[in-house]
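K.L.:
Just passing along the structure, written as structure tokens.
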Amino acid sequence: CIALAGAQAVQSAGGPVIAIKMGRNDVAKADPKEKRNILQKETSRSLVDTTLPSPGLDSDGLRLYFGALGLSEEEFVSLCGAHDLGRHVTLLNMPKECLKNLTRQCLEEAPVLMPFISENPDQFSNIYFEKLLKWYDREVSIGEVAFIPTDVDLVVDEGLRSFVERFARDEDRFFDKFTDAYVKLVDVGTKSRGKY
């Protein structure tokens, strides 16, 4: 259901149509929060110890996380393009008691949700990649973007930046790669041929 809802959200926001197979029966429950096999390279920010990627991962951590899922660099960079949509919690106007003890409730009741990209945060497009390059060239205005560290990693790392540049130039390629990577991600961990 989550995969289907995500695919529908992307399509409803002007993105590609993503065909999701229904009826997967090889998984009865969600993955645990902590990873069984912890991965890490030389830097502390490359530590991959949860089943969802940390927003503080560096480019090595992104490669480890998504590589363990069988995704190529181009595929995981395309998935990051989903940050073109929606909003995330910011600490702006957060009550002082929450700033001292940042709880789940504080985050869920945050007074300000900020879009990653202030331009059309409800439309799926390749603007995210254009804005990353603009940020890298130090040409963004205050309030134009609100990137998290993993976003910035995509342009600071030369190898990943080549995919950002490609997707910024070619929205069709971005949509195609995003669709392929999304479907691949949905099928990660399948244990049998009879998964549907």
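K.L.:
Among what's in the range 37-73 and is among the hydroxyl-bearing types (Ser, Thr, Tyr) and farther than 17 Å from residue 159 by Cβ, pick the residue that is surrounded by the fewest Cβ atoms within 10 Å (Cβ to Cβ). Reasoning before the result, please.
P.N.:
Taking the range 37-73 and keeping what is among the hydroxyl-bearing types (Ser, Thr, Tyr), we get 43-44, 46, 50-51, 54, 59, 65, 72.
Restricting the remaining residues to those that are farther than 17 Å from residue 159 by Cβ gives 44, 50-51, 54.
Values: 44: 10, 50: 14, 51: 14, 54: 17.
So, considering only residues that are among the hydroxyl-bearing types (Ser, Thr, Tyr) and farther than 17 Å from residue 159 by Cβ, the one surrounded by the fewest Cβ atoms within 10 Å (Cβ to Cβ) is 44.
K.L.:
Follow-up question, since we're still on this one. Find the helices (runs of 4 or more DSSP H) located wholly in the range 51-104 whose residues include 3 or more that are in contact with a strand residue (DSSP E or B) (Cβ under 9 Å, 6 or more places away or on another chain), and list them.
P.N.:
Working: elements: 59-68, 73-80, 96-100.
Correct list: 59-68.
K.L.:
Kindly provide the set of residues from the range 64-105 that are under 13 Å from the mean Cα position of the chain (by Cα) and free of Cβ contacts under 8 Å to residues at least 60 places away in the same chain, ordered by number.
P.N.:
Within the range 64-105, 65, 66, 84, 86, 87 qualify.
K.L.:
Of the residues that sit in the range 106-115 and are over 20 Å from residue 14 (Cα atoms) and touching a residue at least 24 places away in the same chain (Cβ under 8 Å), which one is most open to solvent (accessible area, probe 1.4 Å)?
P.N.:
At the first step, the residues of the range 106-115 found to be over 20 Å from residue 14 (Cα atoms) are 106-114.
Checking which are touching a residue at least 24 places away in the same chain (Cβ under 8 Å) leaves us with 113-114.
Values: 113: 100, 114: 56 Å².
By that ranking, first place goes to 113.
K.L.:
Continuing with this model, one more query. Do we have residue 154 as open to solvent by less than 60 Å² (accessible area, probe 1.4 Å) and within 19 Å of residue 72 (Cβ to Cβ) here?
P.N.:
Values: open to solvent by less than 60 Å² (accessible area, probe 1.4 Å): yes; within 19 Å of residue 72 (Cβ to Cβ): yes.
The answer is yes for residue 154.
K.L.:
Is it true that some residue in the range 158-171 is touching a Leu at 6+ places or on another chain (Cβ under 8 Å), within 24 Å of residue 17 (Cβ to Cβ) and open to solvent by 70 Å² or more (accessible area, probe 1.4 Å)?
P.N.:
Looking for residues that are touching a Leu at 6+ places or on another chain (Cβ under 8 Å), within 24 Å of residue 17 (Cβ to Cβ) and open to solvent by 70 Å² or more (accessible area, probe 1.4 Å), one finds none in the range 158-171, hence no.
K.L.:
Collect the residues in the range 1-33 that are part of a loop (DSSP other than H, G, I, E, B), at pLDDT 70 or above and of a type in the set (A, V, I, L, M), keeping them in residue-number order.
P.N.:
Passing the criteria: 13, 17, 18, 19, 20, 22.
The values are calculated or read from the model by the stated rules, or taken from the named source; none is laboratory data. As the structure is a prediction and not an experimental result, all values here were calculated from the model. So basically every Cβ, Gly included, is an ideal-geometry build from the backbone, and we count neighbours across all protein chains shown. Keep in mind that these areas ignore ligands, DNA and RNA; they rest on the heavy atoms of the full protein, side chains included. Shrake-Rupley method; radii C 1.70, N 1.55, O 1.52, S 1.80 Å.
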